[in-house]
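Asker: Would you mind keeping the following structure in view while I ask a few things?
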Amino acid sequence: MAMLSEQLEKVRSQAEKCLFTPGSAQEIRTAVSSMAMVPLPPSAKYLYIAAEAMVIENGSGSSRKEAMSSLQKLSTALNILEKYGSNLTSPNRPKYWRTVKHNNPVFRATVDAIHGGRAVLCLYGYTNQQPDGLSFPDEITKPDIAKVAAVTLEVMSLRMELDMLIKEVHPHAEFFERIVPSLAQKNDDEVTTDSPLESPSNERPWERQSLTLGSFSQPKGLLSLSSLTPAKPTAVSLENCCICGIFPVASHCTTCAQRLCSECDQLYHSHPGRAMHSRVQVASSRPSKTISASLATWQCSYCTTVNTMKQVLCETCERPRLATGAPSMQEEPQQPSTITEWQCKSCTVVNAGSSILCEVCERPRLATRPPVTPSRPNPSTTEPLNSQWICQFCTYANHTPSSRCEMCDLARSDPAPSPSKILSSFPVKDFTSLPVKPKLTATEDPDIKRQRLMREEGLKLIQMIREGEMKGVSPEELYTSLRVSGGSSSSISGTPCDWVITELPHRLDEICAMAASFQHTPKPLHSTLFNCAGEDGGLEAQKSGAVQLSRAEAKQAWLTAGGDAEKAARQALRNRRAKVKELASLGFNDSAAVEEALRQSGGDVKGALVLLQRPLLEAFHKRMWSDENEPPIDINNPDKQRVCRRLLAVYDLPSWGRCELVLSLLRDPAAPYTLEDVVQAVRESHDRDFIRRVLAKECPICLSVFPHSKVQCILTLSNSHTRTHTHTH
């Protein structure tokens with residue numbers, strides 16, 4: 001026993017090293033086979049996973065046939081767990097390696113369907129429980145490769161032992177027959193042969209003297225399968241497909257070390273990444289067995305079609321044999337069988353053939369279309385209340401007594417919730433026709449009643465807003481008028497739109513009168529002022545020199561104050577004072593003119609600025625529209641900027657600096673230049689010395705000084721330049 005334990009540790013360490021270091025699949029398979037063939041019970045062989053408990057809990061059955069079927073499901077789930085571990089130990093981990101979703105159909109049909117599947121995921125590192133799945137903790141950036149490799153090795157070894165047990169080629173099947181008694185039963189319809197490897201029941205495998213310890217002590221390399229297994233000529237020929245586990249091996253892939261049947265080989269190697277694998281045909285010499293009529297066919301759990309045993313996929317819906325049933329939905333169209341791209345069944349996006357998850361919805365490639373959400377039935381008296389339950393994850397109200405939510409497809413946590421608590425905490429909304437007000441029943445939920453009343457009031461408000469837009473009334477004015485009336489249209493004459501059109505102008509005049517009276521009496525005005533006429537109040541305020549507000553300013557303040565007239569009047573006065581200060585900072589200090597401009601512009605600062613600037617621009621406007629000639633530019637005008645502006649506008653000089661240069665040259669008393677000559681010279685250059693030379697050209701005939709533009713070059717008869725110039729005096 002001690003020597004076997006030491007040999008097991010040696011095999012385990014070598015196999016773990018093959019897992020988390022780059023190596024071929026054949027080496028890993030040989031290492032796992034060596035560990036699986038060690039003659040020790042599961043409780044002594046497996047240190048991390050509870051292998052014995054998993055076999056006991058998942059191998060229940062009254063007969064050997066039922067136990068084998070349960071162990072086949074366990075083997076399939078271990079195959080998926082093996083892929084999870086291989087992805088974590090791989091240097092190129094998938095994009096979403098940190099999470100495992102519960103709504104994944106492959107996970108839900110395999111790992112989640114067995115006992116102990118989630119415990120293995122916790123050993124991998126998926127210890128953080130989330131509403132929709134399992135994940136690594138946030139503080140962990142990468143998985144523990146050594147531990148994951150050790151757990152994955154045990155998962156692979158247990159799966160290989162179960163496969164050998166199902167194929168009846170396990171050399172030590174008595175270990176599993178002791179913990180699952182139904183495996184010791186023999187079926188009458190099966191042809192069984194006595195195995196020479198079986199030992200008496202009272203003899204312990206690790207006490208056999210026939211197995212020498214020398215066969216286990218290999219100094220280098222891993223243990224070979226032949227060193228632990230006695231020669232059995234029909235062991236290879238009795239091997240089944242490693243994917244479906246039903247049909248005999250038809251081909252052996254030397255690249256990925258997979259032994260598959262014909263149909264699984266065709267499906268598995270249709271992937272673009274495995275299309276170039278080298279495969280060798282295997283001749284099967286498996287002895288025939290008498291199969292009963294019940295085992296010759298199988299019924300699809302999705303569409304209930306009876307298929308033959310040779311068909312891996314259903315003939316009608318093309319779903320796998322072990323696929324679980326799904327809720328009724330519309331028949332989904334068949335996806336074209338192409339090896340370069342595939343179409344997502346959930347969002348219909350065409351993805352590349354090498355991608356495993358959809359690029360848009362991130363659902364797996366083999367995930368089926370999510371169930372079509374049925375139309376939500378109206379709560380009626382004929383429907384029992386105990387059939388309704390609320391999902392704790394998405395708060396969807398389910399109307400069927402199913403164990404999974406129709407919306408998020410998560411399991412129902414509380415199997416029997418109280419109907420009264422459900423209806424009181426999560427009211428079921430009724431999306432029926434809105435304008436009709438249903439009659440209240442004695443058992444109507446108060447929350448449903450409150451929501452229905454809020455919905456009806458909202459619909460009325462939307463209808464009034466639409467009517468107001470057609471009549472030119474803004475939603476703000478309509479809402480404020482409802483607040484003035486106390487929230488009901490019955491307290492005001494007519495509809496709110498009619499009140500805004502007919503009564504609001506009088507209310508605005510009252511606000512203007514109140515604002516004028518506040519300048520004389522700082523105390524709040526009594527309610528009797530609301531009855532005074534707005535026109536008379538405005539005239540009195542004008543005579544007394546008070547501030548006169550426009551209706552536009554009063555309306556804006558009325559909307560800001562929420563319909564409170566006194567508050568609106570004070571707010572309008574504060575706004576008017578702020579605008580007067582803003583215009584005063586721009587140079588308009590006449591408060592009376594500023595007040596009048598603001599009143600005429602409706603409180604708009606830009607409009608008032610235009611009105612205030614109009615008198616300043618009156619002389620300019622008259623000169624612009626008059627037919628008289630422009631007065632000449634006065635160079636000696638003391639306003640230097642005025643002269644520069646005229647030079648820039650009339651002569652189109654390049655810059656303001658050129659205008660100042662022209663003005664400085666013209667004001668030089670020692671150089672009597674004309675305006676046109678200076679402007680032409682300044683356009684050509686900005687150098688003052690160059691301009692002076694251009695303006696002072698000496699004539700070689702009369703020796704007088706003239707600008708360059710007034711001297712001309714004379715050509716001789718031989719077409720050559722001369723030094724003689726002419727000028728006009």
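Asker: Among the residues in segment 134-154, are any surrounded by 17 or more Cβ atoms within 10 Å (Cβ to Cβ), closer than 23 Å to residue 12 by Cα and of a type in the set (S, T, N, Q)?
Answerer: Yes, the conditions are met somewhere in segment 134-154.
Asker: Being in contact with a Phe, Trp or Tyr (Cβ under 8 Å, 6 or more places away or on another chain) and assigned by TED's automatic domain parsing to the domain that holds residue 156 is the requirement here; does residue 96 meet it?
Answerer: Answer is no for this residue.
Asker: Then there's this: Considering each of 605, 580 in turn, give the residue that is of a type outside the set (Phe, Trp, Tyr) and in contact (Cβ under 8 Å) with a residue 24 or more places away in the chain.
Answerer: 605
Asker: For residues that are hydrophobic (A, V, I, L, M, F, W, C) and crowded, with 19+ Cβ neighbours inside 10 Å, tally how many sit in segment 97-119.
Answerer: 4
Asker: Taking the criterion of being within 20 Å of residue 12 (Cβ to Cβ) and assigned to a helix (DSSP H, G or I), would at least one residue in segment 91-114 satisfy it?
Answerer: No.
Asker: Also, quick follow-up: Of all helices (runs of 4 or more DSSP H) completely enclosed by segment 459-565, which ones contain at least 2 residues that are modelled with pLDDT under 85, touching a strand residue (DSSP E or B) at 6+ places or on another chain (Cβ under 9 Å) and surrounded by fewer than 16 Cβ atoms within 10 Å (Cβ to Cβ)?
Answerer: Those helices (runs of 4 or more DSSP H) do not exist here; none qualify.
Yes/no matrix, rows are residues, columns are (1) modelled with pLDDT of 80 or more; (2) under 17 Å from residue 72 (Cβ atoms):
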site: 153; (1), (2): yes, no
site: 161; (1), (2): yes, yes
site: 175; (1), (2): yes, no
site: 199; (1), (2): no, no
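Asker: Moving on. Do we have residue 629 as at pLDDT below 75 and either surrounded by fewer than 11 Cβ atoms within 10 Å (Cβ to Cβ) or of a type in the set (D, E, K, R) (or both) here?
Answerer: no
Asker: Where in segment 573-630 are the helices (runs of 4 or more DSSP H), entirely inside, with at least 1 residues that are of a type in the set (Gly, Ala, Ser) and within 20 Å of residue 512 (Cβ to Cβ)?
Answerer: Of the helices (runs of 4 or more DSSP H) lying wholly inside segment 573-630, those with at least 1 residues that are of a type in the set (Gly, Ala, Ser) and within 20 Å of residue 512 (Cβ to Cβ) span 591-600, 605-613.
Asker: Go through the residues of segment 600-614 one by one and say whether even a single one is loosely packed, with under 11 Cβ neighbours inside 10 Å and within 55 Å of the chain's Cα centre (by Cα).
Answerer: yes
Asker: Restricting to segment 646-660, name every residue that is without any contact (Cβ under 8 Å) to a residue 24 or more places away in the chain, surrounded by 10 or more Cβ atoms within 10 Å (Cβ to Cβ) and either on the phi > 0 side of the Ramachandran plot or under 60 Å from the mean Cα position of the chain (by Cα) (or both).
Answerer: 648, 649, 655, 656
Asker: Kindly list the number of the only condition in (1) surrounded by fewer than 15 Cβ atoms within 10 Å (Cβ to Cβ); (2) within 20 Å of residue 367 (Cβ to Cβ); (3) not polar (S, T, N, Q) that fails for residue 122.
Answerer: (2)
Asker: Is one or more of the residues making up segment 661-678 in contact (Cβ under 8 Å) with a residue 12 or more places away in the chain and under 60 Å from the mean Cα position of the chain (by Cα)?
Answerer: Within segment 661-678, not a single residue is in contact (Cβ under 8 Å) with a residue 12 or more places away in the chain and under 60 Å from the mean Cα position of the chain (by Cα).
Asker: Looking at segment 299-313 only, could you name the residues that are surrounded by 15 or more Cβ atoms within 10 Å (Cβ to Cβ), of a type in the set (A, V, I, L, M, F, W, C) and more than 14 Å from residue 244 (Cβ to Cβ)?
Answerer: Of everything in segment 299-313, those that are surrounded by 15 or more Cβ atoms within 10 Å (Cβ to Cβ), of a type in the set (A, V, I, L, M, F, W, C) and more than 14 Å from residue 244 (Cβ to Cβ) turn out to be 300, 303.
Here's the yes/no breakdown for (1) more than 24 Å from residue 253 (Cβ to Cβ); (2) touching a Cys at 6+ places or on another chain (Cβ under 9 Å); (3) at pLDDT 65 or above; (4) of a type in the set (D, E, K, R):
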{"residue": "269", "(1), (2), (3), (4)": "no, yes, yes, no"}
{"residue": "286", "(1), (2), (3), (4)": "no, no, no, yes"}
{"residue": "306", "(1), (2), (3), (4)": "yes, yes, yes, no"}
{"residue": "315", "(1), (2), (3), (4)": "yes, yes, yes, yes"}
{"residue": "319", "(1), (2), (3), (4)": "yes, yes, yes, yes"}
{"residue": "336", "(1), (2), (3), (4)": "yes, no, no, no"}
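Asker: Still on this model: Give segment 42-69 a look and list any residue that's polar (S, T, N, Q) and either in contact with a Lys or Arg (Cβ under 7 Å, 6 or more places away or on another chain) or buried (at least 19 other Cβ atoms within 10 Å of the Cβ) (or both), or say none.
Answerer: 58
Asker: Determine the pairs where a residue that is not assigned by TED's automatic domain parsing to the domain that holds residue 46 and hydroxyl-bearing (Ser, Thr, Tyr), located within segment 162-186, has a partner that is surrounded by fewer than 19 Cβ atoms within 10 Å (Cβ to Cβ) and modelled with pLDDT of 85 or more with Cβ atoms under 7 Å apart, the partner being 6 or more residues away or on another chain.
Answerer: Listed by first residue and then by second, the contacts come to nothing, as the list is empty.
The values are calculated or read from the model by the stated rules, or taken from the named source; none is laboratory data. Because the structure is predicted, anything quoted here is derived from the model rather than measured. Backbone-built Cβ (ideal geometry, glycine too); neighbour counts: all protein chains shown.
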